[in-house]
Amino acid sequence: MRVGVIVNLTRKKEIDDQFRELAEMGMSSCQIVCWERSLLTRETAEKVKASADRHGAEPTAFWCGWEGPRVWDFYDGQETLGLVPEAFRFQRLAMLSEGSEFAQWLGVRDLVTHVGFVPENPCDPRYHGVIAALRHLAGICRERGQRFLFETGQETPVTLRRAIQDIGLDNVGVNLDPANLLMYGKGNPVDALWVLGEYVMGIHGKDGCYPTDGHFLGDEKPLGEGMVDYPLLIRRLKEIGYQGDITIEREIEGERQRKDILTAKELLEKLIAAG
């Protein structure tokens, strides 16, 4: 397992500066994240590839956002996040399809996103609409030799496994974000591996806590300071034969972000190296 870091594709930051910093931190893998549809062009992809090559970095996945409102809580989040809200589903599906093409230009196999609060009740009419949309998107990815990965958090592990089974394609899996499972109150990430282990194709290195309010997510924490049991998580990943990367995500900015990323890298590498 290698340890990498998130690289954000945005007009606010020079992509080459981010790859330079990645190299300075001693890392060689990353996930590319983008929420700006106007950047999903072949020209941008070529620029990213050139910068990654220049700094010895390998993008392992493209994390594609979507347009429209997004509120990261338990109330408005139900109506604004991912492909679940019908009002935004079509335009977001179109952007994710463009994201699959962008990933192809990058030479990246995995397309990742948050699908939203997938209904736990499979008889809920919204559930069938989401599954149909995801089957369409996963089919597009399959034609391009790609995998589609759910970013964990907004659905329970059992709901997520059911959705993967109901989509019914062999290129659908999970990008496990251990902190998200806690912060959304959806499950313990180590226990989740018993449900999702065979589908885990990517990992975020992030930490956090369970919610203490019925309206708002739990807090994100520096890796090692939250409630994710990373020693046990890494041991369990080894037991199930996971050999992919762990990509550090720290959702703050500035010098504290860099410090926390370096601390997380050191901790993860020690755990991976342990017998």
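In a reduced charge model with +1 at each Lys and Arg Cβ and -1 at each Asp and Glu Cβ, region 3-273 shows a dipole moment near 500 debye about its Cα centre. Among rounded, prolate and oblate, which fits region 3-273 when a ≥ b ≥ c are the square roots of the eigenvalues of its C-alpha gyration tensor, a/c under 1.5 means rounded, and a/b larger than b/c means prolate? Rounded is the answer for region 3-273, as its axis ratio a/c remains below 1.5. When the square roots of the Cα gyration tensor eigenvalues are ordered a ≥ b ≥ c, the ratio a/c for region 1-106 is 1.5 or more and a/b exceeds b/c, which makes its shape prolate.
Need one word for region 124-249: rounded, prolate or oblate. Basis is the Cα gyration tensor (sqrt eigenvalues a ≥ b ≥ c); a/c below 1.5 gives rounded, then a/b vs b/c decides. Verdict is oblate for region 124-249.
Sorting the segments 193-204, 148-159, 132-143 by their mean number of nearby beta carbons within 10 angstrom, highest to lowest, gives 148-159, 193-204, 132-143. Under a model in which nothing but the beta-carbon of Lys, Arg (+1) and Asp, Glu (-1) is charged, region 1-54 shows a dipole of about 160 debye around its Cα centre. Length gained on full extension, residue 128 to residue 253, computed as 0.36 nm times the residue gap minus the Cα-Cα distance: 41.2 nm. With the dipole of region 3-273 worked out from charges on the C-beta (+1 for Lys and Arg, -1 for Asp and Glu) around the Cα centre, which of 217, 56, 74 lies farthest toward the positive end? Going by the charge dipole, the pick is 56. For the chain, the antiparallel share of DSSP beta bridges with both residues in that region comes to about 10%. Which of 84, 71, 174 moves the most in a Gaussian network model of the chain with Cα springs under 10 Å? For the chain, modelled as a Gaussian network with Cα springs under 10 Å, the answer is 71.
Between the alpha-carbon centers of region 132-156 and region 84-108, tell me the distance in whole angstrom. The distance from the Cα centre of region 132-156 to that of region 84-108 comes to 10 Å.
Mean-square fluctuation check for the chain, GNM, Cα pairs under 10 Å: which of 168, 254, 82 is largest? So, out of 168, 254, 82, the one fluctuating most is 254. Per residue of the chain, the DSSP helices (runs of n ≥ 4 H) give a summed -39500 (n - 2.57) that works out to -14000 deg cm²/dmol at 222 nm. In the elastic network of the chain, a GNM with C-alpha springs shorter than 10 Å, the most mobile of 255, 225, 21 is 255. Once both labels are positioned 7 Å from their Cα atoms along Cα-to-Cβ, the gap between residue 87 and residue 43 label points is 3.4 nm.
With contacts taken as Cα pairs under 8 Å and at least 6 residues apart, region 3-273 reaches a relative contact order of 16 percent. A simple spin-label model places pseudo-atoms 7 Å from Cα toward Cβ; at residue 16 and residue 216 they are separated by 4.1 nm.
Here, each number is a calculation from the coordinates, and none is a lab measurement. Every value quoted in this text rests on a predicted model; they were computed, and no experiment measured them. In this analysis, Cβ positions are derived from the backbone assuming ideal geometry, glycine residues included, and neighbour counts consider all displayed protein chains.
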